[in-house]
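A short write-up of the structure that comes next.
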Amino acid sequence: MYELIVVGGGPAGLAAACAAWENGLRRILIVERDRDLGGILNQCIHNGFGLTWFKEELTGPEYAHRFIEMLAKTGVEVRTDTMVLDVTPDLQVHMTGPATGYKIERAKSVILAMGCRERTRGAIGIPGTRPAGVYTAGAAQRYVNVEGWLPGKRVVILGSGDIGLIMARRMTLEGAKVLACVEVMPYSGGLTRNIVQCLQDFDIPLYLSHTVTEIRGKDRVEQVVVSRVDESRRPIPGTEMVFDCDTLLLSVGLIPENELTERAGVVMDPRTKGALVYENMETSVPGIFTCGNVTHVHDLVDFVSAESRRAGAAAAKYVLHGPAAGEYIALKNGFGVSCTVPQRVRPQNVEKSFNVFFRVNRIFGKSEIVVSAGERELCRFKRDRLAPGEMENITVPVKLLEGVAGEITVEIREV
Amino acid sequence: MRELICIVCPRGCHMQVDDSLNVTGNFCPRGAAYAKAELTHPTRVVTSTVRIAGAAYPRCPVKTAAPVPREKIFEVMDAIGRVTLTAPVKVGQTVIDDVCGTGVAVVAARELL
Ligand SMILES: Cc1cc2nc3c(=O)[nH]c(=O)nc-3n(C[C@H](O)[C@H](O)[C@H](O)COP(=O)(O)OP(=O)(O)OC[C@H]3O[C@@H](n4cnc5c(N)ncnc54)[C@H](O)[C@@H]3O)c2cc1C
Ligand code: SF4
């Protein structure tokens, strides 16, 4: 019987396992389906990781390496090449891999840290033929960075999420011509820094409020058609531009990988597409915790590490001291806020303050994030700018919740 | 007055720089340093991969240990493209001492045994 089983050995699983060890657990197992620990970071060879956490600018593999070294100093057990197939509500973990075969391990607590996967073309339904040469940006990233081959020479990228932007630069550096990055929304979904250093540095045009309306080609992509869209994101006839290219990369968003979570009977949040969680990353099923991209899609791995350490510490507390107590207060999305994590807070279970992550649903200029309970304002935070592509993070002192019951609201007020 | 977005870290601060290179809007000192460099002599860290023999994967990620002049990016890529390593490789191990006369080393960014 393990005290804790962590599903997934990416940055989330690694940080959670380390924190659980530091907080006193000794029988911990990480199960990872890949050959190596590190998760998606192993293919993110660009730099920009770790400035908040290590006060240094690292590449993805270097960031992962730091955590793998930390883990090596603990007694945490690791099973790679092993896939978790099921987690039951009574915490039996079903797994299979070449080393162990099909195996069921029991645990006192489980942390789900499976990360996310990319939306595929089918999920967004582009009309046209079905030739070779259409890839998700993350798949292309793996081909180029890990396996060492270039999937195309003339490239159009649909979606301006970070992976698409990073791949625009990466393909350019490797000798491909990136003709355009096309974004259906009037703003980019990626970090501003990536617009600057991945597109502007290489004069790659970004077409906002545009989308791919047709893919042409028999065996291989030969052309894609790009059209302007109106406010309701419908293509405007007569605005078509044709690009001669052999490759279309899709960077149209990430979805948390939650099949296991749902089968474990965990209550989900339809907006984050992850589990509904309490302040300590505990789900609705006692003993099951979740952290990282499987809970909500993060842009910065530093925040993944911080959140996952909280999950690890909470799992240790659960195993050693029993379930968390107290009534919860629900967090409601007010004006401008599309979803928060956590969705519930138990003040009794918070020492000093708790973190709230959220995304806004459009771009805001100078504004204030206001937290209130009914008519009563609890606190406000100033921001110069808010954008949907950049996750926000506020820290709320728990003493402000004294006398509050039911729910609190997080909203944006432009000033 | 010029508007500039800091690209040193993912926070992406929006900065204003006046004619005598005074910087505002930066959350940390790296932003000011970046703004001054960007307006006088822009530099970038280059990350890529090199071939590696005898490892579980055919490519090993590498990076320049410090930023290099932006106009040298493609020259640096060429130099990186000519390297083949042999496993084992440690994080931080030097791959090229001084890439294209920049005085900057290229180092391995992943351990491959
Ligand atoms: C292309 C790209 C660029 C990015 N750029 C930056 C950046 O510049 N700066 C920054 O700070 N952050 C960046 N990020 C974000 C950061 O990398 C992620 O937030 C972070 O990797 C998420 O960690 P995770 O552990 O939740 O998920 P992952 O890294 O995806 O790890 C999940 C792990 O779980 C394993 N797994 C899944 N299901 C199972 C199962 N059933 N059984 C066993 N194992 C399983 C997977 O194999 C994987 O190893 C980027 C992300 C991407 C995709
Ligand atoms: S000023 Fe500092 S915090 Fe802001 S983006 Fe630059 S490095 Fe990051």
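The values are calculated or read from the model by the stated rules, or taken from the named source; none is laboratory data. In this text the structure is predicted, and so the values were computed from the model without any measurement. A quick note on method: Cβ atoms are made from the backbone with ideal geometry, for glycine too, and the neighbour counts reach across all protein chains shown.
Return a yes/no flag: does the range B:37-60 have any residue that is more than 21 Å from A:Gly148 (Cβ to Cβ), more than 12 Å from the chain's Cα centre (by Cα) and within 12 Å of another protein chain (Cβ to nearest Cβ).
Within the range B:37-60, one or more residues are more than 21 Å from A:Gly148 (Cβ to Cβ), more than 12 Å from the chain's Cα centre (by Cα) and within 12 Å of another protein chain (Cβ to nearest Cβ).
Say whether the condition of being buried (at least 21 other Cβ atoms within 10 Å of the Cβ), modelled with pLDDT of 95 or more and not aliphatic (A, V, I, L, M) is met by at least one residue in the range A:103-114.
So far as the range A:103-114 goes, yes, one or more of its residues are buried (at least 21 other Cβ atoms within 10 Å of the Cβ), modelled with pLDDT of 95 or more and not aliphatic (A, V, I, L, M).
Please tell me if A:Asp219 is over 28 Å from A:His298 (Cα atoms) and in contact (Cβ under 8 Å) with a residue 24 or more places away in the chain. Can you show your working first?
Values: over 28 Å from A:His298 (Cα atoms): yes; in contact (Cβ under 8 Å) with a residue 24 or more places away in the chain: yes.
So A:Asp219 passes the test.
Collect the residues in the range A:227-259 that are surrounded by 22 or more Cβ atoms within 10 Å (Cβ to Cβ) and over 18 Å from A:Thr120 (Cα atoms), keeping them in residue-number order.
Across the range A:227-259, the qualifying residue is only A:Cys245.
Might you check whether a residue that is touching a Ser or Thr at 6+ places or on another chain (Cβ under 9 Å) and hydroxyl-bearing (Ser, Thr, Tyr) occurs anywhere in the range A:183-205?
So far as the range A:183-205 goes, yes, one or more of its residues are touching a Ser or Thr at 6+ places or on another chain (Cβ under 9 Å) and hydroxyl-bearing (Ser, Thr, Tyr).
Considering every residue within the range A:254-271, establish whether at least one is touching a Phe, Trp or Tyr at 6+ places or on another chain (Cβ under 8 Å), assigned by TED's automatic domain parsing to the domain that holds A:Glu307 and at positive phi.
No.
Answer yes or no: is there a residue in the range B:8-29 that is buried (at least 17 other Cβ atoms within 10 Å of the Cβ), within 12 Å of chain A (Cβ to nearest Cβ) and either at pLDDT 95 or above or part of a strand (DSSP E or B) (or both).
Let us first name the residues in the range B:8-29 that are buried (at least 17 other Cβ atoms within 10 Å of the Cβ), namely B:8-13, B:15, B:17, B:23, B:25-26.
If we keep only those that are within 12 Å of chain A (Cβ to nearest Cβ) too, we end up with B:8-13, B:15, B:25-26.
After this cut, where a residue has to be either at pLDDT 95 or above or part of a strand (DSSP E or B) (or both) as well, the list is B:15.
Scanning the range B:8-29 turns up at least one residue that is buried (at least 17 other Cβ atoms within 10 Å of the Cβ), within 12 Å of chain A (Cβ to nearest Cβ) and either at pLDDT 95 or above or part of a strand (DSSP E or B) (or both).
What pairs come out if I take residues in the range A:1-27 that are among the acidic types (Asp, Glu) and pair them with residues that are more than 15 Å from ligand 1 (Cβ to nearest atom) and part of a helix (DSSP H, G or I) whose C-beta lies under 7 Å away, six or more apart or interchain?
Matching pairs, first to second residue: A:Glu3/A:Val319.
If A:Ala168 passes every condition in (1) closer than 25 Å to A:Ile45 by Cβ; (2) more than 24 Å from the chain's Cα centre (by Cα) but one, which one does it miss?
(2)
Among B:Ile5, B:Ile52, which is within 16 Å of ligand 1 (Cβ to nearest atom) and surrounded by 14 or more Cβ atoms within 10 Å (Cβ to Cβ)?
Working: B:Ile52 fails: within 16 Å of ligand 1 (Cβ to nearest atom).
None of the others qualify; the one that does is B:Ile5.
Inspect all residues belonging to the range A:301-319 and state whether any of them is aliphatic (A, V, I, L, M) and in a loop (DSSP other than H, G, I, E, B). Let's see the steps before the verdict.
In the first step, residues of the range A:301-319 are kept if they are aliphatic (A, V, I, L, M); the result is A:301, A:304, A:306, A:311, A:313-316, A:319.
Right, trim to in a loop (DSSP other than H, G, I, E, B) and you get none.
Taking every residue of the range A:301-319 in turn, none turns out to be aliphatic (A, V, I, L, M) and in a loop (DSSP other than H, G, I, E, B).
Considering only the range A:367-387, state which residues are surrounded by fewer than 17 Cβ atoms within 10 Å (Cβ to Cβ) and in a loop (DSSP other than H, G, I, E, B).
Within the range A:367-387, A:Gly374, A:Glu375, A:Asp384, A:Arg385 meet the criteria.
Tell me the residue from A:Ala316, A:Ala373 that is within 30 Å of A:Ala107 (Cα to Cα) and hydrophobic (A, V, I, L, M, F, W, C), please.
Working: A:Ala373 fails: within 30 Å of A:Ala107 (Cα to Cα).
The conditions single out A:Ala316.
Does the range B:67-87 contain at least one residue that is more than 23 Å from A:Phe67 (Cβ to Cβ) and of a type in the set (Phe, Trp, Tyr)?
yes
Right, B:Arg70: in contact with a helix residue (DSSP H, G or I) (Cβ under 9 Å, 6 or more places away or on another chain) and surrounded by fewer than 20 Cβ atoms within 10 Å (Cβ to Cβ) or not? Reasoning before the result, please.
Numbers: in contact with a helix residue (DSSP H, G or I) (Cβ under 9 Å, 6 or more places away or on another chain): yes; surrounded by fewer than 20 Cβ atoms within 10 Å (Cβ to Cβ): yes.
It is true that B:Arg70 is in contact with a helix residue (DSSP H, G or I) (Cβ under 9 Å, 6 or more places away or on another chain) and surrounded by fewer than 20 Cβ atoms within 10 Å (Cβ to Cβ).
Do any helices (runs of 4 or more DSSP H) entirely within the range A:47-147 hold 3 or more residues that are of a type outside the set (D, E, K, R) and within 14 Å of another protein chain (Cβ to nearest Cβ), and if so, which? Before the answer, list the steps.
On the way: elements: A:60-72, A:121-124, A:137-142.
Here the list reads A:60-72.
Could you list, in sequence order, all residues of the range A:347-367 that are under 15 Å from A:Thr409 (Cα atoms) and out of contact with any His (no Cβ under 8 Å at 6 or more places or on another chain)?
Once the filter is applied, which keeps residues that are under 15 Å from A:Thr409 (Cα atoms) and out of contact with any His (no Cβ under 8 Å at 6 or more places or on another chain), the range A:347-367 yields A:Phe354, A:Asn355, A:Val356, A:Phe358, A:Arg359, A:Val360.
Is it the case that the range A:348-366 has a residue that's surrounded by fewer than 19 Cβ atoms within 10 Å (Cβ to Cβ), over 24 Å from the mean Cα position of the chain (by Cα), within 14 Å of chain B (Cβ to nearest Cβ) and farther than 22 Å from A:Glu407 by Cα?
Within the range A:348-366, one or more residues are surrounded by fewer than 19 Cβ atoms within 10 Å (Cβ to Cβ), over 24 Å from the mean Cα position of the chain (by Cα), within 14 Å of chain B (Cβ to nearest Cβ) and farther than 22 Å from A:Glu407 by Cα.
Which of (1) on the phi < 0 side of the Ramachandran plot; (2) touching a Ser or Thr at 6+ places or on another chain (Cβ under 7 Å) does A:Gly292 not meet, given it meets every other one?
(1)
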